[in-house]
1. If each residue's Cβ is checked for other Cβ atoms within 10 Å, how do S156, S111 rank with the fewest at the top?
2. What does the charge count near K59 come to, summing +1 for each Lys or Arg and -1 for each Asp or Glu among other residues with Cβ under 9 Å from its Cβ?
3. Among S121, S91, what is the fewest-to-most ranking by other Cβ atoms within 10 Å?
4. Counting other beta carbons within 10 Å of each residue's own, what order do I69, I112, I137 fall into, fewest first?
5. Determine the gain in length on full extension of the stretch T74-Y131; use 0.36 nm per residue of separation and subtract their C-alpha separation, reporting nm with one decimal.
6. Count charges around I129 for me, please; just the other residues with Cβ under 11 Å from its Cβ, Lys/Arg as +1, Asp/Glu as -1.
7. Need one number: convex hull volume per residue for the stretch 29-186, Cα atoms only, in Å³.
8. Compute and list, largest first, the equivalent-ellipsoid semi-axes of the stretch 79-142 from the alpha carbon gyration tensor, each √(5λ) rounded to a whole angstrom.
Amino acid sequence: MKRIIIFRVILIIAIYSLLQAGCKKPGGSGLPVDADGNEYDTVVIGSQVWLAENLKTTKYNNGVPVPLITDNDTWASRSTAAFCWYDNDPSLKDTYGALYNWWAANEKITSICPAGYHVPSDEEWLTLINYLGGEDIAGDKLKAAGEQFWSSGNYSTNETGFTAMPGGWRSHMDGTFSSKGWKGYW
C-alpha cells in the first residue's frame, strides 16, 4: 500500500510538472539566461543538466510575453498559455519562481525555458528518479534541505544541489492557490 501511495505522489508530481516548469538540457553546461534576463544556476545529475532553481520568466525565449493571469475564474477557464505568481504576489518570484499552466509549459513553437533548454519529458523525469535510487528516495535528494521553506518534518538532504522548492500550485478547476510550503510541482 505504501508503495502505491508513493507511486501516486510521484505520478502527481510528473503530471503537474508542467505547472511549475523546471527546465532540462540534455548535455553541456553554462549559465542559462531566460528572455527576462534572469540567470539560472545549473546542476548535473547523472548525465542530465537541470536548472537548479524554479523558472521565473514572464516571456517565451523568443521574447513574446506569456499572459499574466491573476483572476481565479479566468485562470480556471483559460485554454491558452498563462503564468502567475503564487497568491499573485510577485515578491515570491525569486524564492519560488512562477506557476505556469499546461499550455505555457507545452508550447511547441517556442519555449518558456532558456534557449537550449526544454521542459523535461516524463522519460527524462524517470531517468532522474531512477538515477537517484527510485521513487521512494529521489524526492529527498532533490528538495531544499531544512524547514526554512518546506513544512515541518522535512528530512531531505538536497545532496544533488537541485534545491527543489515548495512553490505550490494553482488549480485549473477554480484558480485557487494551494500547497506552498508543502509541495512543489515540476
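Only the coordinates and a few stated rules stand behind these numbers; no lab work does. It should be emphasised that the depicted structure is a prediction, and the values quoted were computed from it without experimental measurement. A quick note on method: Cβ atoms are made from the backbone with ideal geometry, for glycine too, and the neighbour counts reach across all protein chains shown.
1. Numbers: S156 18, S111 23.
Ascending number of Cβ neighbours within 10 Å: S156, S111.
2. On the way: positive: none; negative: D34, D36.
Every neighbour counted, the sum reads -2.
3. Numbers: S121 12, S91 9.
By the 10 Å Cβ count, ascending: S91, S121.
4. Values: I69 22, I112 28, I137 14.
Final ranking by Cβ density, sparse to dense: I137, I69, I112.
5. On the way: separation 57, 0.36 × 57 = 20.52 nm, distance 3.95 nm.
Additional length available on full extension: 16.6 nm.
6. Values: positive: K141; negative: D122, E123, E124, E135, D136.
Around I129, the surrounding residues sum to -4.
7. Values: hull volume 18.3 nm³, N = 158.
So the per-residue Cα hull volume is 116 Å³.
8. Over the Cα atoms of the stretch 79-142, the semi-axes work out to 25, 18, 10 Å.
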